[in-house]
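The values are calculated or read from the model by the stated rules, or taken from the named source; none is laboratory data. Predicted model only: the values in this text are computed from it and were never measured. Reconstructed Cβ throughout: ideal geometry from the backbone, glycine too, with neighbour counts over all protein chains shown.
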């Protein structure tokens, strides 16, 4: 399978391309409008959504503060129920662990339920290299898998596709001519995937939540593919970031209420699958083996950093839907596995701050993300924090000098007044009734679609005296 | 009551009429206004670009400029949010300045916040004939001022308010964002301008110079008939 090859896109180029792609623009506007309307409606329908979101945040804060304790408890509870816990420090470790499990159990055919964590570690190519056929069973993930693409949204991975392009991709893959109506495409997907479920000997999932108290993993889907993935094959591997742990089973309803609302505006997702260990004696179904891979991949470092709050993310995608930048450029422009506002934090942190210099700046800091987030993560603050961190990774540039010089001016009111006077006289030479139609250099982008105001003839400071006469 | 005006650097240089309207409006409501001349810029551009050291110095400069213990009123949600929300955190580790930052944060109010929540005036006796639509500046979300400006506008005699679709979506300004990614920022402001035109309003009202220069500049370029006004100018009309 042909996965996207470039880890790091040219963000400016990719976003510019997205802006001139009308079908993508239409799809993004439609999706984000629908999901955001749902988000607002369903938060409003709760008695006190703000209090519930604060409550969820406190649970996450507590779980992260005592992460060592809860992870150890989790290992014990999973083991007690016949499961096996694997600790993966890096993405490479995690891939190797899953490949080894498949080898030892003699698995040749895997079905996967949607998992961003498995995308993060680029699991599929590793399994295929080891001779395991992998099929994504979330319909959106299936489409992008056969198209050789990456998800462009946390919960709607194929949002960049249209009915027509899905028909093309599926027709090509299945070598049959499919009509482009949604129902028949869905029925074809169902037919193809049902067969894969029956044949598979390995089921791979992520985990929306992992409960330390009971050793339970919780999967939320709307298609039921999570349930089939965890019941048909004889081996089940779940991969979860260590931050997914919540202390008690009774914490679960808090998050289930918020996840579905944040993601899609649903009261509850269609399928909530709660799995505690492998098949127990006397049980009718469930896998013979259950493995839980707990992934660090940089998370424990983030835990002790100013970006700790990012570990509270429950991957609902609400911040993407709320973001006016995501709405314009879509997920692929961000270049990483995670996109949108939270992706602009996670990609630099999990991947590399110095290799992702553009992402923290890909935001107007409007705060719509934080307002939509079920756990109220202060995403704008973390974006600013990353901007600050970048200054440590690069040599002094013209920009640094400009900001420093500007600051020196602003600290001295007399110099500020003088500079303003010069700017005014100079810029007004080129202005027409107070506005500039074209700016040079870094300002040229601004004046592509809008005029720029020249300083007023008389500043407020100048007019203050007359206000008092 | 006596207040100090924080006119903001954009307000001082680009839209002085907003400051003038704010002073006249406040005086009409019986508030004494002074203008501490040492004020320049709150340092938000430096803070947002990650130059926290520079921002800290400008924060201290601003705190000193407004050290007179009076309430501070600013016709800008953006600069008020910088002072109220960011200064205390920015100076958190400074034994002396943290307390002063918190003091200024408590004393500072965005204009609509001051009018509605401090002066308790939802009707300031303004009159303006025409049809207006309102764009919500992003920092008002951060300050929790989602009701105040509209309440004030609803009480302006002669003014008909037309609802703006996606009224709380960012206009695409974002300071350095608009320079760094003018393509994305430009797409956002063009959508905003189109939605504003769709309302059929004569004027779009906002509470921040950043939004006004961005939206106003775009409306001008489009040759639009829609004018733009700061909330202070609308409320100062009689």
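For segment A:292-301, the count of residues that are surrounded by fewer than 20 Cβ atoms within 10 Å (Cβ to Cβ), in a helix (DSSP H, G or I) and touching a helix residue (DSSP H, G or I) at 6+ places or on another chain (Cβ under 8 Å) is at least one. Suppose the filter is in contact with a strand residue (DSSP E or B) (Cβ under 8 Å, 6 or more places away or on another chain) and assigned by TED's automatic domain parsing to the domain that holds residue B:210; does residue B:169 pass it? Spelling it out, it is not the case that residue B:169 is in contact with a strand residue (DSSP E or B) (Cβ under 8 Å, 6 or more places away or on another chain) and assigned by TED's automatic domain parsing to the domain that holds residue B:210. Just checking, does segment A:60-68 include any residue being more than 23 Å from the chain's Cα centre (by Cα), more than 23 Å from residue A:258 (Cα to Cα) and in the same structural domain as residue A:204 (by TED's automatic domain parsing)? Yes.
Of the residues B:64, B:146, B:154, the single one that is surrounded by fewer than 19 Cβ atoms within 10 Å (Cβ to Cβ) and closer than 19 Å to residue B:12 by Cβ is B:64. Residue B:192 - would you say it is more than 12 Å from chain A (Cβ to nearest Cβ) and free of Cβ contacts under 8 Å to residues at least 60 places away in the same chain? No: the conditions fail for residue B:192. The sole residue among A:265, A:286, A:282 that is surrounded by fewer than 21 Cβ atoms within 10 Å (Cβ to Cβ), under 30 Å from residue A:25 (Cβ atoms) and in the same structural domain as residue A:73 (by TED's automatic domain parsing) is A:265. Summed over segment B:170-181, residues that are within 22 Å of the chain's Cα centre (by Cα) and at the interface with chain A (Cβ under 7 Å from one of its Cβ atoms) total 7.
Table: residues versus (1) outside any helix (DSSP H, G or I); (2) more than 14 Å from chain B (Cβ to nearest Cβ); (3) in contact with a helix residue (DSSP H, G or I) (Cβ under 7 Å, 6 or more places away or on another chain); (4) in contact (Cβ under 8 Å) with a residue 24 or more places away in the chain.
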site: A:13; (1), (2), (3), (4): no, no, no, no
site: A:55; (1), (2), (3), (4): no, yes, yes, yes
site: A:58; (1), (2), (3), (4): no, yes, no, no
site: A:64; (1), (2), (3), (4): no, yes, yes, yes
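Would you confirm whether any residue within segment A:331-347 is surrounded by 22 or more Cβ atoms within 10 Å (Cβ to Cβ) and within 11 Å of chain B (Cβ to nearest Cβ)? Yes: segment A:331-347 contains one or more residues that are surrounded by 22 or more Cβ atoms within 10 Å (Cβ to Cβ) and within 11 Å of chain B (Cβ to nearest Cβ). For residue A:125, the test of being in the same structural domain as residue A:93 (by TED's automatic domain parsing), assigned to a helix (DSSP H, G or I) and surrounded by fewer than 23 Cβ atoms within 10 Å (Cβ to Cβ) is passed. In segment B:195-205, the qualifying residues are those that are crowded, with 24+ Cβ neighbours inside 10 Å and closer than 27 Å to residue B:6 by Cβ, and the one that is farthest from the other protein chains (Cβ to nearest Cβ) is B:205. Of all residues in segment B:119-137, one or more are touching a residue at least 12 places away in the same chain (Cβ under 8 Å), under 15 Å from residue B:74 (Cβ atoms), outside the structural domain of residue B:68 (by TED's automatic domain parsing) and touching a strand residue (DSSP E or B) at 6+ places or on another chain (Cβ under 8 Å).
The combined condition, being touching a helix residue (DSSP H, G or I) at 6+ places or on another chain (Cβ under 9 Å), over 27 Å from residue B:174 (Cα atoms) and outside the structural domain of residue B:211 (by TED's automatic domain parsing), is fulfilled by residue B:100.
Restricting to segment B:2-55, name every residue that is more than 7 Å from every other protein chain (Cβ to nearest Cβ), outside any loop (DSSP other than H, G, I, E, B), within 18 Å of residue A:456 (Cα to Cα) and in contact with a helix residue (DSSP H, G or I) (Cβ under 7 Å, 6 or more places away or on another chain). Scanning segment B:2-55 gives B:10, B:17, B:18, B:21, B:22.
Yes or no: residue A:6 in the same structural domain as residue A:97 (by TED's automatic domain parsing) and either at pLDDT below 95 or farther than 18 Å from residue A:153 by Cβ (or both)? Considered against the rule, which asks whether it is in the same structural domain as residue A:97 (by TED's automatic domain parsing) and either at pLDDT below 95 or farther than 18 Å from residue A:153 by Cβ (or both), residue A:6 comes out as no.
Residue B:64 meets each of the listed conditions (1) over 25 Å from residue A:381 (Cβ atoms); (2) in a helix (DSSP H, G or I); (3) more than 8 Å from chain A (Cβ to nearest Cβ); (4) in contact with a strand residue (DSSP E or B) (Cβ under 7 Å, 6 or more places away or on another chain) apart from (4). The single condition from (1) crowded, with 24+ Cβ neighbours inside 10 Å; (2) touching a residue at least 60 places away in the same chain (Cβ under 8 Å) that residue A:236 fails is (2).
When every residue of segment A:438-460 is checked against the conditions, none turns out to be surrounded by fewer than 18 Cβ atoms within 10 Å (Cβ to Cβ), over 25 Å from residue B:40 (Cα atoms) and in contact (Cβ under 8 Å) with a residue 12 or more places away in the chain. Scanning segment A:353-368 for residues that are under 16 Å from the mean Cα position of the chain (by Cα) and more than 11 Å from chain B (Cβ to nearest Cβ) yields a total of 2. Within segment A:241-265, the set of residues being over 26 Å from residue A:291 (Cβ atoms), over 19 Å from the mean Cα position of the chain (by Cα) and touching a residue at least 24 places away in the same chain (Cβ under 8 Å) comprises A:254, A:257. The C-beta contact set for segment A:93-120 (first residue on the phi > 0 side of the Ramachandran plot, second residue modelled with pLDDT of 95 or more, distance under 9 angstrom, 6+ apart or interchain) comprises A:106/A:201.
Criterion applied to A:398, A:410, A:467 was being closer than 16 Å to residue B:176 by Cβ and either at pLDDT below 95 or more than 8 Å from chain B (Cβ to nearest Cβ) (or both), and the one residue passing it is A:398.
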